[in-house]
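Input: a single structure, listed below in structure tokens.
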Amino acid sequence: MGTKYILGIETSCDDTSVAVLKGDPDKISQGEVPEVLAFELFSQEQMLAQWGGVVPEIASRNHLEKLAPLIKQTIAKAGVKLSDIDLVGVTTFPGLLGPLLTGLNAAKTISLLKKVDLFAVNHLFAHLEAIHLTEKVSYPYLGLLVSGGHSLYTLVTASDEIEVLGSTIDDAAGEAYDKGGKLMGLGYPAGRIIDDLAKEGDINRFEFPIGLKGSKDCNLSFSGVKTSLRTFLDKNPQYLVKSPEDINQDTKDICASYQHAIVSALKLKLRYALEAAKEKGFNNLPIVVGGGVACNSYLRQVLKEKYKQVHFVQPKFCTDNGAMIANYAFRNYNSRIQYPDTLSIDARSRFINKKEHRKA
């Protein structure tokens, strides 16, 4: 097919990210790693910290302000022109609708101006397939996606054949981290803070529940561990962190114990996900872990100790980013939407119905 240039646009939540990748779609489909020519990201993390989380309207306005300059900057850094772009990959689901539409409308504008094709990306699948930005992992594999909004176990038999085996029925793992940290008074986002403090903590000092521990399926629940932490802090207000000076060994032990419960649930249900894949005829699968929580050092340690064939997406590609979006578009190049049908693409906020997994 020859060398192609793909622009990736990601605006599903609070990060505005753009990337340009270079490669041959035919060779990439056979396992070749694409070349990342440029990769830029603008995070709203510090700004949103004052609100204790993502505010959709504020996030949308900041995407609108930052996206056009970021696209221009990324293309220039890649050493190409907008007219050189052969395909634009853009996140269309799931996510916050306002931010999604901001990125999609930018992609449609490029499509209209340059008559370029688009590929509508499910950014959850892109999180898992981001492993191919740095490693060659063969299909099929068992995918574990752990992020702020989603926690999924998937059977991946091809880049466009991804089956959900299990899901969280309520909160996601990343949500449990952020909400737990907010309850403790650690600020936002709390995932990295808890992970860092837990390194010096005792995982056995306090006991927090493992969600759905008794169910022999690969569904997850993290609302219980969060509620347990809230109840614990209500009964023990002396452990609340009101200022950085309040962080002590007690804080570290709580973080370690709380994190241990979250990671233990992911580890336990991964076993059931592998059994579910085995029932479908897939044995000894490699495991790919992606999403923002895949950066967590304790999760990496626990799963690497348990499984030999576990592959973690590189940390810089774990958070929502344009490189994973362009990569997923590359791997599905032949399924692109051609201009002018590109102008009819729409965004949607949801991907799975958690109620269906709740009934399972």
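The values are calculated or read from the model by the stated rules, or taken from the named source; none is laboratory data. Quick caveat: nothing in here was measured; it's all calculated off a predicted structure. Please note: Cβ atoms are built from the backbone with ideal geometry, for glycine as well, and neighbour counts cover all protein chains shown. The protein model used for the area step is the full one, side chains on, heavy atoms only, and it has no ligands, DNA or RNA in it. Shrake-Rupley method; radii C 1.70, N 1.55, O 1.52, S 1.80 Å.
Could you say whether any residue in the range 335-356 is touching a residue at least 60 places away in the same chain (Cβ under 8 Å), within 16 Å of the chain's Cα centre (by Cα) and in a helix (DSSP H, G or I)?
Within the range 335-356, none of the residues are touching a residue at least 60 places away in the same chain (Cβ under 8 Å), within 16 Å of the chain's Cα centre (by Cα) and in a helix (DSSP H, G or I).
Name the pairs: first residue in the range 240-266 and of a type in the set (Lys, Arg), second residue in a helix (DSSP H, G or I), Cβ to Cβ under 9 Å, at least 6 apart or on different chains?
Listed pairs, sorted by first residue: Lys252/Leu197; Lys252/Ala198.
State all residues of the range 262-293 that are small (Gly, Ala, Ser), in contact with a strand residue (DSSP E or B) (Cβ under 8 Å, 6 or more places away or on another chain) and more than 21 Å from Ala158 (Cα to Cα); if no residue qualifies, say none. Steps first, please.
Pass one, the range 262-293, residues small (Gly, Ala, Ser): 264-265, 273, 276-277, 281, 290-292.
Then keep just the ones that are in contact with a strand residue (DSSP E or B) (Cβ under 8 Å, 6 or more places away or on another chain); that gives 265, 273, 276-277, 290-292.
Matches in the range 262-293: Ala265, Gly292.
So if I check each of Ile110, Ile131, Ile162, Ile85, which one is at pLDDT 95 or above, within 17 Å of the chain's Cα centre (by Cα) and surrounded by fewer than 23 Cβ atoms within 10 Å (Cβ to Cβ)?
Exactly one of Ile110, Ile131, Ile162, Ile85 is at pLDDT 95 or above, within 17 Å of the chain's Cα centre (by Cα) and surrounded by fewer than 23 Cβ atoms within 10 Å (Cβ to Cβ), namely Ile162.
Among the residues that make up the range 204-225, is at least one of them in contact (Cβ under 8 Å) with a residue 60 or more places away in the chain, charged (D, E, K, R) and either surrounded by fewer than 21 Cβ atoms within 10 Å (Cβ to Cβ) or part of a helix (DSSP H, G or I) (or both)?
Among the residues of the range 204-225, at least one is in contact (Cβ under 8 Å) with a residue 60 or more places away in the chain, charged (D, E, K, R) and either surrounded by fewer than 21 Cβ atoms within 10 Å (Cβ to Cβ) or part of a helix (DSSP H, G or I) (or both), which makes the answer yes.
Return yes or no: is Lys252 more than 21 Å from the chain's Cα centre (by Cα) and part of a loop (DSSP other than H, G, I, E, B)?
Details: more than 21 Å from the chain's Cα centre (by Cα): yes; part of a loop (DSSP other than H, G, I, E, B): no.
For Lys252, the condition - more than 21 Å from the chain's Cα centre (by Cα) and part of a loop (DSSP other than H, G, I, E, B) - is not met.
If a residue has to be closer than 24 Å to Phe39 by Cα and aromatic (Phe, Trp, Tyr) to count, how many in the range 293-343 make the cut?
Qualifying residue count, the range 293-343: 5.
Within the range 25-46, restricting attention to residues that are open to solvent by 50 Å² or more (accessible area, probe 1.4 Å) and modelled with pLDDT of 95 or more, which residue is nearest to the chain's Cα centre (by Cα)?
Phe39
Counting just the residues of the range 267-309 that are part of a helix (DSSP H, G or I), farther than 26 Å from Leu133 by Cβ and free of Cβ contacts under 8 Å to residues at least 60 places away in the same chain, which one comes out most open to solvent (accessible area, probe 1.4 Å)?
The residue in question is Glu279.
Counting just the residues of the range 1-12 that are of a type in the set (A, V, I, L, M, F, W, C) and in contact with a helix residue (DSSP H, G or I) (Cβ under 6 Å, 6 or more places away or on another chain), which one comes out most open to solvent (accessible area, probe 1.4 Å)? Walk me through how you get there before you give the answer.
Within the range 1-12, the subset of a type in the set (A, V, I, L, M, F, W, C) is 1, 6-7, 9.
Going one step further and asking which of them are in contact with a helix residue (DSSP H, G or I) (Cβ under 6 Å, 6 or more places away or on another chain), we end up with 1, 6, 9.
Numbers: Met1: 101, Ile6: 0, Ile9: 1 Å².
Among those that are of a type in the set (A, V, I, L, M, F, W, C) and in contact with a helix residue (DSSP H, G or I) (Cβ under 6 Å, 6 or more places away or on another chain), it is Met1.
Output the number of residues of the range 227-237 satisfying the condition of being open to solvent by less than 30 Å² (accessible area, probe 1.4 Å) and under 18 Å from Ser151 (Cβ atoms).
Within the range 227-237, residues that are open to solvent by less than 30 Å² (accessible area, probe 1.4 Å) and under 18 Å from Ser151 (Cβ atoms) number 1.
Kindly indicate whether Leu212 is more than 17 Å from the chain's Cα centre (by Cα) and within 19 Å of Asn248 (Cα to Cα).
no
Within the range 235-249, which residues are at pLDDT 95 or above, closer than 18 Å to Lys182 by Cβ, in a loop (DSSP other than H, G, I, E, B) and not hydrophobic (A, V, I, L, M, F, W, C)?
Asn236
Cβ contacts < 7 Å: first residue over 17 Å from Gly148 (Cβ atoms) and open to solvent by 60 Å² or more (accessible area, probe 1.4 Å), restricted to the range 47-75; second residue at pLDDT 80 or above and among the acidic types (Asp, Glu), any location; separation 6+ or different chain. Result?
Gln73/Glu40
If we scan the range 173-181, do we find a residue that is more than 18 Å from the chain's Cα centre (by Cα) and surrounded by fewer than 19 Cβ atoms within 10 Å (Cβ to Cβ)?
no
With (1) assigned to a helix (DSSP H, G or I); (2) under 17 Å from Ala323 (Cβ atoms) as the list, and Val80 as the residue in question, which single condition is left unmet?
(1)
Six or more apart or on different chains, Cβ atoms under 7 Å: show the pairs whose first residue is in the range 2-16 and more than 17 Å from Ser349 (Cβ to Cβ) and in a strand (DSSP E or B) and whose second is at pLDDT below 95 and open to solvent by 30 Å² or more (accessible area, probe 1.4 Å).
Close Cβ pairs (under 7 Å, with a partner that is at pLDDT below 95 and open to solvent by 30 Å² or more (accessible area, probe 1.4 Å)) amount to Thr16/Phe42; Thr16/Lys66.
Under 6 Å between Cβ atoms, at least 6 apart or on separate chains: pull out the pairs that start in the range 80-98 with a residue that is within 30 Å of Gly149 (Cβ to Cβ) and end on any residue that is of a type in the set (Lys, Arg) and open to solvent by 30 Å² or more (accessible area, probe 1.4 Å).
Cβ pairs passing all conditions: Leu87/Arg336; Phe93/Arg348; Pro94/Arg350.
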